[in-house]
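Heads up: the structure comes next, in structure tokens.
The values are calculated or read from the model by the stated rules, or taken from the named source; none is laboratory data. The structure presented is a predicted model; accordingly, all values stated were derived computationally and were not measured. Heads up, the Cβs are rebuilt from the backbone with ideal geometry, glycines too, and the neighbour counts pull from every protein chain shown. Just so you know, the surface numbers come from the protein's heavy atoms only, side chains and all, with ligands and any DNA or RNA stripped out. Shrake-Rupley method; radii C 1.70, N 1.55, O 1.52, S 1.80 Å.
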Amino acid sequence: LICIKSNAIPMTEIINKPLLSLVLTNFGFIPRDDESGIEVEVCPISCVQDRPAERNSETGWYPDFAMYSNRIRPDDGTFGERELRIQKMMVTKYPPSPRGKKTFVKTAFDHPLLHLMRSSNLTHKAYDREK
């Protein structure tokens, strides 16, 4: 309602934080471009088999949650050590059990109304060309 009254378009920039992406997904936001985004599963750290046994002795941190994707591997550079530490997450190479909640990272999100407006405009343009 605030967006409508202020003529703002509800959308984001590229989101690299899985938990924020999950919140946006839960509110109905849709990845802007499926090709650039990476689908991931987010889960509690207790659901992954390759979780660390103890805190990192150098940094003193332990992840609270894990992220799995068949397109991301630990240490492949998609998420740096600093990003992982700040977000208190780890990238797991095995699917979680039970399976996690799916969302997208490395992509922007749009409100579903914006997608409806875009598809409506495309439909109208296609219809106009047929006339």
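Applied to region 63-71, the Karplus parametrisation 6.51 cos²θ - 1.76 cosθ + 1.60 on θ = phi - 60° returns per-residue 3J(HN,Hα) values of x, 8, 9, 10, 10, 10, 7, 6, 9 Hz, with x for Gly and Pro. Remark: spin-label model distance Leu19-Ser36 equals 2.6 nm, labels positioned 7 Å along the Cα→Cβ axis. On the beta carbon distance between Lys5 and His115, with R0 = 22 Å, the FRET formula returns roughly 0.60.
Region 5-42 and region 64-107 have their alpha-carbon centroids 16 Å apart. Approximating the spin labels as points 7 Å out from Cα along Cα→Cβ, the Asn26-to-Thr59 distance works out to 2.5 nm.
What number comes out for accessible area per residue over region 16-96 if the probe is 1.4 Å? Units Å², please.
Values: 4860 Å² over 81 residues.
Per-residue value: 60 Å².
Over region 30-69, what percent of the accessible surface lies on carbon and sulfur atoms, probe 1.4 Å? Before the final figure, lay out the partial values.
Working: 980 of 2330 Å².
Roughly 42 percent of what the probe reaches on region 30-69 is carbon or sulfur.
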